[in-house]
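Below you'll find the structure, written out as structure tokens, and then a few comments.
The values are calculated or read from the model by the stated rules, or taken from the named source; none is laboratory data. Quick caveat: nothing in here was measured; it's all calculated off a predicted structure. Quick reminder, even Gly has a Cβ in these numbers, built from the backbone with ideal geometry, and neighbours come from all protein chains shown.
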Amino acid sequence: MTLLLAAILLLLGLGLLTISRRQRKTAGLPPGAIIYTDAGDWRRNERPLFSDRYRLAGKPDYLVRQGREVIPVEVKSTSLRGREPYDSHKMQLAAYCLLVEDALGVRPSHGVLKYADIAIRVDYTDDLRRGVLSILDEMRRALHARDIPRSHDDPRRCRACGYRDVCDDAL
């Protein structure tokens, strides 16, 4: 009887392990321990990462520890359908890499953008880091500007904008 119970528990454990691996692969998460999540209801973290040095805060969907490295993962609900990731998505991921670097003291080699149809590794290069720092500087300058020109030619973005009613530059 004890041997039968042990066999059942072993099979149940193997089944749960298989299901968990399948769900992790579907989520696009790299191997490693999940140490932070802001996605779904599972161990949701209400505290954002914060960098006093860069005056930046953010909540990546996941942080995965791989040995000494911490990898940010950002989940997007859209499909890429063979296109390149949007620059805005890359910059968001770069900002999370910058936060991990400053707040946790370890520079990630890369981050992951997980779309509905594909997970893409984005290397956290010196150029990408400089790009996100440049955008942060530009945003800070814009805070003090009297007039900021529209940054796109997309009527759909204008229709969805919360400032449309007061914007003189709406499409």
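Residue pairs, Cβ under 6 Å, 6 or more apart or interchain, first in the stretch 139-157 and within 20 Å of residue 56 (Cβ to Cβ), second modelled with pLDDT under 75 and of a type outside the set (S, T, N, Q). List them.
Qualifying pairs under 6 Å: 142/148.
Among 147, 153, 126, 117, which is the only one that is touching a Ser or Thr at 6+ places or on another chain (Cβ under 7 Å) and of a type in the set (Asp, Glu)?
On the way: 147 fails: touching a Ser or Thr at 6+ places or on another chain (Cβ under 7 Å); 153 fails: touching a Ser or Thr at 6+ places or on another chain (Cβ under 7 Å); 126 fails: touching a Ser or Thr at 6+ places or on another chain (Cβ under 7 Å).
Exactly one of 147, 153, 126, 117 is touching a Ser or Thr at 6+ places or on another chain (Cβ under 7 Å) and of a type in the set (Asp, Glu), namely 117.
Hey, does the stretch 114-129 have a residue that's β-branched (Val, Ile, Thr), in contact with a strand residue (DSSP E or B) (Cβ under 6 Å, 6 or more places away or on another chain) and in contact (Cβ under 8 Å) with a residue 24 or more places away in the chain? Outline the logic, then answer.
Pass one, the stretch 114-129, residues β-branched (Val, Ile, Thr): 118, 120, 122, 125.
Add one more test, that the residue is in contact with a strand residue (DSSP E or B) (Cβ under 6 Å, 6 or more places away or on another chain), and what stays is 120, 122.
Next, only the ones that are in contact (Cβ under 8 Å) with a residue 24 or more places away in the chain stay: 120, 122.
Yes; the residues of the stretch 114-129 include at least one that is β-branched (Val, Ile, Thr), in contact with a strand residue (DSSP E or B) (Cβ under 6 Å, 6 or more places away or on another chain) and in contact (Cβ under 8 Å) with a residue 24 or more places away in the chain.
Can you say whether residue 69 is closer than 30 Å to residue 31 by Cα and not small (Gly, Ala, Ser), as far as the supplied structure shows? Give the derivation first.
Details: closer than 30 Å to residue 31 by Cα: yes; not small (Gly, Ala, Ser): yes.
Judged against the criteria, residue 69 is a match.
Residue 89 passes all but one of (1) without any contact (Cβ under 8 Å) to a residue 60 or more places away in the chain; (2) touching a helix residue (DSSP H, G or I) at 6+ places or on another chain (Cβ under 9 Å); (3) surrounded by 15 or more Cβ atoms within 10 Å (Cβ to Cβ); which number fails?
Failing condition for residue 89: (2).
Is one or more of the residues making up the stretch 120-127 at pLDDT below 95, among the aliphatic types (A, V, I, L, M) and part of a strand (DSSP E or B)?
Within the stretch 120-127, one or more residues are at pLDDT below 95, among the aliphatic types (A, V, I, L, M) and part of a strand (DSSP E or B).
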